[in-house]
Every structure is written in structure tokens, then in C-alpha cells.
Amino acid sequence: MPNTPTILVADDHPLFREALKGAVSKLLPQARLVESDSAEGLLASAEAHPEADLVLLDLNMPGAHGFSALVHLRAVQPQLPVVVVSAREEPSVVRRALEHGAAGFIPKSSDPATIRAAIAAVLDGGQWAPVQADGAEGLAPEEARVAERLRELTPQQFKVLGMLGSGLLNKQIAHALGVSEATIKAHMTAILRKLGASNRTQAVLMAGRLAVDPEPNEPG
């Protein structure tokens with residue numbers, strides 16, 4: 001376990017971020033904690049701290065749809081272990097997180113001692129998951145295929161796809177990212193090609209496969 005690890009804490013609920021920070025500080029008083037409350041903030045923190053030792057990641061934050069931030073982060077920084085921390089504790093959700101590349105899964109109902117044990121196990125190079133994950137159903141073939149395609153997106157393309165999923169138009173995305181509308185159109189062309197989608201709507205529906213509760217009968 002690193003003596004002075006850097007741990008990224010990504011959760012859009014301030015109270016739970018404080019709880020996580022408290023659990024980490026008790027285990028690792030010297031740890032440097034970097035907070036973020038959105039997928040975009042997390043990706044920026046991960047880029048700014050390439051030496052980071054661990055991410056504690058909530059599944060549902062602005063800019064992320066279920067497992068999408070986990071999948072993307074594992075693609076762009078495969079050396080960085082990610083532990084999902086979620087209020088969703090169903091065995092299938094735990095199993096899907098692990099198959100998408102999480103090194104651990106901590107239910108939000110866990111007591112502080114369990115949280116510390118899970119963090120210690122992953123920092124020591126292991127994995128940690130609650131027992132209910134054993135034998136649970138994992139990824140559906142279509143979800144695995146979409147995840148594989150999502151890994152091909154650049155960080156900027158991932159941001160654009162997340163904003164697209166929020167219903168923003170090209171000009172609104174361009175304004176938010178401080179680039180030209182032509183740049184966003186170029187990103188959209190690349191996103192559609194990499195996802196194998198024929199239009200914006202299909203791209204959003206495909207990304208929805210990575211939601212914790214994906215809609216049935218989605219095309220893609």
C-alpha cells in the first residue's frame with residue numbers, strides 16, 4: 001500500500017463525499033484526497049493526477065450514465081484502480097461493475113470498517129466485492145459490445161456524448177466546451193462511426209445500454 005496515496009473521490013452528494021473522505025482519512029491519514037462531483041470533473045482530476053492510486057466512484061453523477069464513466073476511465077487510464085461506491089446493491093449491478101473493470105464495489109450501506117477494508121484490499125493490489133456478487137448474472141452481450149465501442153472514444157468525444165445524452169444541441173455543446181460548432185460536428189461524426197450508430201438518437205440509446213437500469217428493447 002502506498003505511504004501517501006492520492007485518492008480521487010467522485011460523488012455528486014456532498015454528504016457522502018464527506019463520509020468517504022472520513023473513512024479514507026481514518027485508514028490513511030496522510031492520503032491526498034481530490035474531490036469531484038461530475039464525470040467531467042473526475043476525468044479532469046484523473047488527467048491532472050496521473051500518479052493517483054485509486055478512484056472511489058459513484059455510478060450516477062452528472063455526465064455519467066450508469067457504468068459509462070467507469071468504462072471510459074478504465075480505457076484512458078487502465079493503470080488506475082476504480083472502486084465503485086453505490087446505493088445500488090443488487091448482485092447483478094455488482095457483477096456488471098466488476099466485469100466493466102472495477103477493482104472493487106462498496107455498497108453505500110457499508111459500515112466504515114468495511115469501507116476501509118475494501119480500500120485497503122484494492123490499494124494492496126487485490127479486489128474486493130460483497131459476497132452477493134458471487135454467481136450473479138453479468139454483462140449481456142449487447143452491453144459488452146457497447147462498452148467495447150465506448151472505450152474507443154477520446155475524452156472530448158466522451159464529454160460530447162454525455163452532453164448529447166442530456167439533450168443538448170450541437171451549438172449548446174460547443175458553447176459549453178468553448179469550441180466551434182464545426183468541431184462538435186466533427187466529434188459527432190467520429191462518435192457515430194466508433195459506436196456504429198446511424199444517428200444521434202441511436203448513439204444515445206446505445207450509451208443507455210450502460211445505464212444501471214437499461215431500457216428494454218433499445219436498438220443498437
Query raised in the report: Conditions: (1) within 25 Å of Glu18 (Cα to Cα); (2) buried (at least 16 other Cβ atoms within 10 Å of the Cβ). Ala120 meets all but one. Number of the miss?
Result: (2)
Query raised in the report: Tell me, which residue of the stretch 83-107 that is part of a helix (DSSP H, G or I) and not polar (S, T, N, Q) is farthest from the chain's Cα centre (by Cα)?
Result: Pro91
Query raised in the report: From the list Thr114, Thr154, which one is of a type in the set (S, T, N, Q) and under 21 Å from Gly66 (Cβ atoms)?
Result: Thr154
Query raised in the report: Does any residue of the stretch 137-158 turn out to be modelled with pLDDT under 95, of a type in the set (Asp, Glu) and more than 28 Å from Ala103 (Cβ to Cβ)?
Result: no
Query - Any hit, the stretch 97-108, residues being closer than 27 Å to Phe158 by Cβ, β-branched (Val, Ile, Thr) and crowded, with 23+ Cβ neighbours inside 10 Å - result: yes
Query - Pairs, first part of a loop (DSSP other than H, G, I, E, B) in the stretch 108-134, second open to solvent by 80 Å² or more (accessible area, probe 1.4 Å) and not charged (D, E, K, R), C-beta under 7 Å, six or more apart - result: Asp124/Met1
Query raised in the report: Residue check, Arg209 against (1) of a type outside the set (A, V, I, L, M, F, W, C); (2) over 17 Å from Ala69 (Cβ atoms); (3) open to solvent by less than 70 Å² (accessible area, probe 1.4 Å), all met but one. Which one?
Result: (2)
**Report entry** Residue, surrounded by the fewest Cβ atoms within 10 Å (Cβ to Cβ), within the stretch 123-134, restricted to residues that are among the small types (Gly, Ala, Ser) and at negative phi
**Finding:** Gly126
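The values are calculated or read from the model by the stated rules, or taken from the named source; none is laboratory data. Computed from a predicted model, the values in this text were never measured in an experiment. As a convention, Cβ positions derive from the backbone with ideal geometry for all residues, glycine included, and neighbour counts pool all protein chains shown. Please note that ligands, DNA and RNA were not included when accessible areas were found on the heavy atoms of the full protein model with its side chains. Shrake-Rupley method; radii C 1.70, N 1.55, O 1.52, S 1.80 Å.
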